[in-house]
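So the structure is just underneath, and the comments pick up after that.
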Amino acid sequence: AYRPPWADAVPAASRGASDLYFGVYRTLPILVYNTAVVSAENAPSDWSQLLEPQFTGKLLMRDPVASGTLRTVFAMVLAQSLAATGSEERGWQWLRRLDGQTKEYAANPALLFEKLQRQEGWVTIWELSDILLRQKQGVPLGFRLASSGTPVINDAIALVAGAPHAEAAQAYIAWVGSREAQLLAAREAYKLPARTDLAPGELPTWAQEALAQLREAPLDGALVAQQAAGWMTTWDRTIRGRGTGS
């Protein structure tokens, strides 16, 4: 356990029990499209629109079992089903349809974006920071934050138990979450700060726009931590490649 000096500047949802970890950045899963073949007007603006006929066979996905971003989105779907109906079945049905829309699951991000650039698929789900970096490199990508809600991933930092250089580690953790380092990461690496005490005017334009558009989806972290591994095993064994489409 280590409580850094900036601990109170991040929301309770970004703090681990007993001060075991603290969120540094907020990672946002988003809807991504190739701007060479999909206009902004026709791009999906919510998760449900990935199931529409115009995207059948046009959806490329990172292998969800290996991707924290995709696992989070899948967990959101199942958790919301459980909360709304008392059962996961509605969520499984949605994921079956999504699988039916999917042309291919890429083994790694490099392959995913290579195929997306070659227009082997038109749309995908990925995370905001990486897309902004690729846009800066000239890759023809656009994105939308889901209108119904975005599950926010807490990218956290922690002190390893028994660390041989614990004092240096504590100093590093204290710096990473400082105002200086948070604003530096936002400017240079498109990282959305976990701190909530930064004035909007201090943040770069992309971060201001993302926060203005962000509608955070409620997500039971304890439920996801307990169920996520089992959910992904079930998806892999019973849904992958067997989807029903739109």
Residue list for segment 42-97, restricted to those being farther than 19 Å from residue 123 by Cβ, out of contact with any Lys or Arg (no Cβ under 9 Å at 6 or more places or on another chain) and of a type in the set (Ser, Thr, Tyr): 85, 87
Residue that is nearest to the chain's Cα centre (by Cα) [pool: residues in segment 11-34 that are in a loop (DSSP other than H, G, I, E, B) and within 20 Å of residue 213 (Cα to Cα)]: 28
Taking segment 68-123 as the search range and keeping residues that are assigned to a loop (DSSP other than H, G, I, E, B) and of a type in the set (D, E, K, R), which one is surrounded by the fewest Cβ atoms within 10 Å (Cβ to Cβ)? 118
When you look at residue 72, is it closer than 19 Å to residue 242 by Cβ, in contact with a Ser or Thr (Cβ under 9 Å, 6 or more places away or on another chain) and in contact (Cβ under 8 Å) with a residue 12 or more places away in the chain, yes or no? no
Residues being open to solvent by 30 Å² or more (accessible area, probe 1.4 Å) and within 30 Å of residue 218 (Cβ to Cβ): count how many of those fall in segment 154-177. 6
Just to check your reading of the model, which residue among 222, 217, 189 is within 23 Å of residue 1 (Cβ to Cβ) and either in contact (Cβ under 8 Å) with a residue 12 or more places away in the chain or open to solvent by 60 Å² or more (accessible area, probe 1.4 Å) (or both)? 222
Could you please find all residues in segment 1-10 being outside any loop (DSSP other than H, G, I, E, B) and either touching a helix residue (DSSP H, G or I) at 6+ places or on another chain (Cβ under 8 Å) or open to solvent by less than 70 Å² (accessible area, probe 1.4 Å) (or both)? 7, 9
Residue among 237, 242 that is farther than 27 Å from residue 25 by Cβ and either in contact with a Leu (Cβ under 6 Å, 6 or more places away or on another chain) or free of Cβ contacts under 8 Å to residues at least 40 places away in the same chain (or both): 237
Contact list, first residue from segment 17-31 and closer than 21 Å to residue 159 by Cα and modelled with pLDDT of 95 or more, second anywhere and open to solvent by 40 Å² or more (accessible area, probe 1.4 Å) and among the charged types (D, E, K, R), beta-carbon distance below 7 Å, six or more apart or interchain, is 19/3; 22/15; 23/155; 24/155; 25/155; 25/191; 27/155
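The values are calculated or read from the model by the stated rules, or taken from the named source; none is laboratory data. What you are looking at is a predicted structure, and each value in this text was computed from that prediction instead of being measured. Here the Cβ is made from the backbone with ideal geometry for all residues, glycine too, and neighbour counts use every protein chain on show. The accessibility values were calculated without ligands, DNA or RNA, using every heavy atom of the protein model including side chains. Shrake-Rupley method; radii C 1.70, N 1.55, O 1.52, S 1.80 Å.
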